[in-house]
Each structure stands twice: as structure tokens, then as C-alpha cells.
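*Asks:* The following block contains the structure, expressed as C-alpha cells.
The values are calculated or read from the model by the stated rules, or taken from the named source; none is laboratory data. Model, not experiment: these values are computed from the prediction. Every residue, glycine as well, gets a Cβ built from its backbone with ideal geometry; the counts of neighbours run over all protein chains shown. We work out accessible area using only protein heavy atoms, side chains counted, and drop any ligands, DNA or RNA first. Shrake-Rupley method; radii C 1.70, N 1.55, O 1.52, S 1.80 Å.
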Amino acid sequence: MIEPNPKADLLRYLQEARDALVGKLDGLSEYDIRRPLTPTGTNLLGLVKHVAGVELGYFGDTFGRPFFDGQPPTWWYTQDAEPNADMWATADESREDIVGLYRLAWEHSDSTIATLALDAVGRVPWWPEERREATLHHILVRVISDTQRHAGHADIVRELIDGSVGCSQGKGDMPPGDEAWWASYRSRLERVAREVGG
């Protein structure tokens, strides 16, 4: 009989989402990882920067285990940063800086997860006062959901850049069609959409 290990299961799903998101930067130029590809500016490096901050906040500040010693740096991680400052990389922030910070955030988060019980209670400073308390289990589920959501965004953004799709190359999580097959498939979907909607 397999012994249940809920913490290990949750951490595995979190790590899969982390890896999928960071993997979307592989093989792309600085321009491609930074360029906004939606009307709201969604870009690959910005997604990584955002989830780094998510982990530092939820697994650090929430449980009294801040990542930054003393005051956080006066950049995007502060409460008075400009709107969406965590969703794009400035010219001074390199790919290596942001991915490196995200990997350090993983270590910090994993330490919090290993140290605390799933029913440990933290306080989320940016939530309304009346509902700031949350368990580690709740925070883990929330961060997994958020990271998976952004990994999905990254998958679509990467497809818009160079047509690359799926969790990782060669994993077999997409139908094995070539470019002509996908064009035919998309045309068929467009025909149905026009018939039904138009």
C-alpha cells in the first residue's frame, strides 16, 4: 500500500509548474522573452518575475520568514511600486537575475514547506484584515494554482513567438501533427465557429 504524503504531492505539482514556466524561456532571444504579446503586455520574463514575487511573499512574508534581510529592495517587490512592476523586466534586470531570483525563491519556499506543518497558520499581509490568516496547505494550493495558470499563459505566449507548444519538447503532450495538419485543424475550427456563431 502506498503511504499518502500530501506535502510531497503538493510540492511535486508546484515544481512541475515552476519547471514548465522557466522552460518557456529556453532558446529565445532577449527580445523575445521580454516583448509584450497581449494587449495587457503579457511577456515571458515578466511572468517569471511575477511568480518569483508570489513565492517570496506567500512562503516568506506570510509565515514570518522574509527572504530579504531588513527592508526589501526599492524596486518591484515593495508595496509602493508602480502598477504591474512585477510583470515586466527593466533593462537593468537580466534574464539571469530574474531566473536566478526565482530559483532562490524556490529554495526559500521549499525550506518553509519542509519546516512547517500543512496546518501551520500564517498571515498574508496584503489580504483584508478579517481574512489574513491562512494555513500552509491553503497557501500551497493557491501558489500551485497561480503558477500553473501563468505556465499556461507562457505556453500561449511562446506559441505566438515561435510556434513551440506543450510542457516540454518531445514529451508527447500534443498531437503529432505537422504544420499542414495544424493549419487544417485550425481551419476546421474556424469553419465551425463561423457556422455556429455567425
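*Asks:* What single numbered condition from (1) open to solvent by 30 Å² or more (accessible area, probe 1.4 Å); (2) under 14 Å from the mean Cα position of the chain (by Cα) fails to hold for Leu56?
*Replies:* Among (1) open to solvent by 30 Å² or more (accessible area, probe 1.4 Å); (2) under 14 Å from the mean Cα position of the chain (by Cα), the lone unmet condition for Leu56 is (1).
*Asks:* Provide a single number: the residues in the range 120-147 that are in a loop (DSSP other than H, G, I, E, B) and without any contact (Cβ under 8 Å) to a residue 24 or more places away in the chain.
*Replies:* Within the range 120-147, the first condition is being in a loop (DSSP other than H, G, I, E, B), and the residues that meet it are 120, 124-128, 132.
Those left that are additionally without any contact (Cβ under 8 Å) to a residue 24 or more places away in the chain: 127-128, 132.
Qualifying residue count, the range 120-147: 3.
*Asks:* Say we look at the range 142-158 and pick out the residues that are among the β-branched types (Val, Ile, Thr) and open to solvent by less than 70 Å² (accessible area, probe 1.4 Å); which of these is farthest from the chain's Cα centre (by Cα)? Spell out the reasoning first.
*Replies:* To start, the set of residues in the range 142-158 that are among the β-branched types (Val, Ile, Thr) comprises 143-144, 147, 156-157.
Of the ones still in play, those that are also open to solvent by less than 70 Å² (accessible area, probe 1.4 Å) are 143-144, 147, 157.
Numbers: Val143: 9, Ile144: 8, Thr147: 3, Val157: 13 Å.
Step by step, filter the range 142-158, then rank; the result is Val157.
*Asks:* Also: Quick check on my filter: what residues within the range 40-70 are among the aromatic types (Phe, Trp, Tyr) and assigned to a helix (DSSP H, G or I)?
*Replies:* Passing the criteria: Tyr58, Phe59, Phe63.
*Asks:* Another question about this same structure. Sort out which residues of the range 1-33 are surrounded by 19 or more Cβ atoms within 10 Å (Cβ to Cβ) and of a type in the set (Val, Ile, Thr), and write them in order of number.
*Replies:* Across the range 1-33, the qualifying residues are Val22, Ile33.
*Asks:* Would it be correct to say that Ala183 is surrounded by 15 or more Cβ atoms within 10 Å (Cβ to Cβ) and either over 21 Å from the mean Cα position of the chain (by Cα) or not in a loop (DSSP other than H, G, I, E, B) (or both)?
*Replies:* Working: surrounded by 15 or more Cβ atoms within 10 Å (Cβ to Cβ): no; either over 21 Å from the mean Cα position of the chain (by Cα) or not in a loop (DSSP other than H, G, I, E, B) (or both): yes.
No; evaluated as a whole, the condition is false for this residue.
*Asks:* Which count do you get for residues in the range 72-112 that are in contact with an Asp or Glu (Cβ under 6 Å, 6 or more places away or on another chain) and at pLDDT below 80? Before the answer, list the steps.
*Replies:* Of all residues in the range 72-112, those in contact with an Asp or Glu (Cβ under 6 Å, 6 or more places away or on another chain) come to 76, 105, 109.
In the following step, the residues that additionally are at pLDDT below 80 were identified as 76.
Qualifying residue count for the region: 1.
*Asks:* Working only within the range 20-39, note down all residues that are assigned to a helix (DSSP H, G or I) and free of Cβ contacts under 8 Å to residues at least 60 places away in the same chain.
*Replies:* So in the range 20-39, the residues assigned to a helix (DSSP H, G or I) come out as 20-23, 30-34.
Within the range 20-39, Tyr31, Arg34 meet the criteria.
*Asks:* Does the range 22-40 hold any residues that are among the β-branched types (Val, Ile, Thr) and touching a Phe, Trp or Tyr at 6+ places or on another chain (Cβ under 8 Å), and which are they? Please lay out each step first, then the result.
*Replies:* We begin by selecting, within the range 22-40, every residue among the β-branched types (Val, Ile, Thr); these are 22, 33, 38, 40.
Residue satisfying the conditions is Val22 alone.
*Asks:* Does Ala117 count as touching a residue at least 12 places away in the same chain (Cβ under 8 Å), assigned to a loop (DSSP other than H, G, I, E, B), small (Gly, Ala, Ser) and surrounded by 10 or more Cβ atoms within 10 Å (Cβ to Cβ)?
*Replies:* Details: touching a residue at least 12 places away in the same chain (Cβ under 8 Å): yes; assigned to a loop (DSSP other than H, G, I, E, B): yes; small (Gly, Ala, Ser): yes; surrounded by 10 or more Cβ atoms within 10 Å (Cβ to Cβ): yes.
When the stated conditions are applied, Ala117 passes them.
*Asks:* Give me a count of the residues in the range 120-131 that are open to solvent by 40 Å² or more (accessible area, probe 1.4 Å) and in contact with a Ser or Thr (Cβ under 9 Å, 6 or more places away or on another chain).
*Replies:* Within the range 120-131, the subset open to solvent by 40 Å² or more (accessible area, probe 1.4 Å) is 121, 123, 125-126, 128-131.
From what is left, the residues that are in contact with a Ser or Thr (Cβ under 9 Å, 6 or more places away or on another chain) are 121, 123, 125.
Of the residues in the range 120-131, 3 are open to solvent by 40 Å² or more (accessible area, probe 1.4 Å) and in contact with a Ser or Thr (Cβ under 9 Å, 6 or more places away or on another chain).
*Asks:* Please go through the range 34-48 and give me each residue that is closer than 19 Å to Gly163 by Cβ and crowded, with 22+ Cβ neighbours inside 10 Å, ordered by number.
*Replies:* Selection gives Asn43, Leu44, Leu47.
*Asks:* Looking at the range 29-67 only, could you name the residues that are under 21 Å from Trp126 (Cβ atoms) and aromatic (Phe, Trp, Tyr)?
*Replies:* Passing the criteria: Tyr58, Phe59, Phe63, Phe67.
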